[in-house]
Amino acid sequence: MASSSTVPLLTRLIAAAVNVSQKSARILRDVKKSGEMNVQEKGINDFVTKADFLSQLNIIKSLEKQFPKLKFCGEEGDLKEDYPDLELSLNETVLKEGKILPEVYQSIREEDLIVWVDPLDGTKEYTMDYNVANEVTVLIGVAWNGRPIAGVINQPFFKFQQESNSYLDRVLWGIVGLGGFDLTKGRISVTQNTTNLPTIVTTRSHITDLIQKNLNLIPNKQIIHSGGAGYKALALVDSKADYYIYPKNGTKRWDTCAPEALIQSLGGCMTDIFGNQYSYSKSEGFIEENYYGIIFSLGQNNSNICSYFNQELKDEIEAEAEKVRQKYRK
Ligand SMILES: [Mg+2]
């Protein structure tokens, strides 16, 4: 066993987050199996279930117990309920892989970190049939100085195992500057597509004519549609897509913090449709909506892909952003 006291804080936090994500994966599987998901509609096409709340309680209460000075921002808000069933173990594989981190992280203090939590990404798919349950993810991202630096993505319904008659999860984690890892397979290496046929993954349920028109402006591409922000980012990790494009308001920082950290740890990036990065610090008047849209790629910047978007899209996104800003001013 590695002695965890000599391991950097960030590595210990991710080692804890990995095990906490696996506990959340079990919660998601158990609640779905029980058939008592208690589905409620928060808005159009926006659902929440009992599993969203239990998973967030598990993640935040468990990490808070071990790292009491961390700040959290979870999709389901500030939950006050007691949650006694804490997961307090550290993952040994992560402790080992992350024993030595880039110098830049040495000055990190617990109180400087913000943990962005989406306890169940893809809730709509979660409430549907098991054949789309692989699109469900648990997302735990860590931000420092306003930027994502580490993250965990757990896919609770990754593989069905006949012998146990249950699903197994897949856990991916990454630390920017160290690299990205599959918990069971080890270091991930992604190969950038060098052909002229980029594959773009985009939304299945929120597509509009304007989005479609703009994606069509990108030459020689193939487009695939799927659910879940975490799952769409995984399409890049798994070399099924070169870009994840959603040129519209709709995602929030908890949807993108862990995926952005993982993609960056693999050498890629995430920006809005103008090629700029979002801030993840929760300063006064902070707006958590990614209102200029999101673009993930495995390249170092998105200037090439951004150059294809037309003025109509930019005008619409600017108008939408202004509406969001007004809403927050109230
Ligand atoms: Mg969610």
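The values are calculated or read from the model by the stated rules, or taken from the named source; none is laboratory data. Nothing here was measured: the structure is a model prediction, and the numbers come from that model. Cβ placement follows ideal geometry from the backbone for every residue including glycine, while neighbour counts extend to all protein chains displayed. Note: accessible area is taken over every heavy atom of the protein model, side chains too, but ligands, DNA and RNA are not part of it. Shrake-Rupley method; radii C 1.70, N 1.55, O 1.52, S 1.80 Å.
General observations
- Amide H within-cut-off set for K252, under 5 Å, with H built and near neighbours excluded: N290
- The radius of gyration of the Cα set in region 291-330, together with its Dmax, comes out at 12.8, 38 angstrom.
- When Rg and the Kirkwood Rh are both derived from Cα coordinates, the Rg/Rh ratio for region 1-151 amounts to 0.99.
- Here the sum of -39500 (n - 2.57) over DSSP H runs of 4 or more residues, divided by the residues of the chain, equals -10000 deg cm²/dmol at 222 nm, to the nearest 500.
- Placing +1 on each Lys and Arg Cβ and -1 on each Asp and Glu Cβ, with no other charges, gives region 199-329 a dipole about its Cα centre of roughly 200 debye.
- The calculated Kirkwood hydrodynamic radius for region 199-329 is 14.8 Å, given to one decimal from all distinct C-alpha pairs.
- Contact order relative to length of region 4-187, as percent, for alpha carbon pairs under 8 angstrom and 6 or more apart: 24
- Each Lys and Arg adds +1 at its Cβ and each Asp and Glu adds -1 at its Cβ; summed about the Cα centre, region 4-187 shows a dipole of about 540 debye.
- Under a model in which nothing but the beta-carbon of Lys, Arg (+1) and Asp, Glu (-1) is charged, the chain shows a dipole of about 380 debye around its Cα centre.
- Among the protein heavy atoms, those of L57 account for about 20 Å² of accessible surface (1.4 Å probe, every chain in place).
- Per residue Cα convex hull volume in Å³ - calculated over region 126-259: 138
- C-alpha center-to-center spacing [region 1-79, region 88-164] in angstrom: 9
- Normalised by the number of residues in the chain, the mean separation of alpha-carbon contacts (under 8 Å, six or more apart) gives a relative contact order of 16 percent.
- Annotation: the antiparallel percentage among DSSP beta bridges lying fully within region 199-329 is about 55.
- Long hydrophobic helices in the chain: the complete DSSP H runs spanning 24 Å or more by Cα along their own axis with mean Kyte-Doolittle hydropathy of at least 0.0 are 9-34.
- Between the residues L266, Y246, A229, the greatest Cα displacement towards the positive end of the dipole of the chain, with unit charges on the Cβ of Lys, Arg, Asp and Glu, is found for L266.
- Taking label points 7 Å from Cα along the Cα-to-Cβ direction, T93 and S303 give a separation of 3.9 nm.
- Distance between the pseudo-spin-label points of Q106 and E163 (7 Å out from Cα toward the beta carbon): 4.6 nm.
- Dipole of region 4-187 [Lys/Arg +1, Asp/Glu -1 at C-beta], most positive-end residue of P68, L183, V18: L183
- Whole-Å semi-axes of the ellipsoid equivalent to the chain (Cα gyration tensor, √5λ, descending): 29, 23, 21
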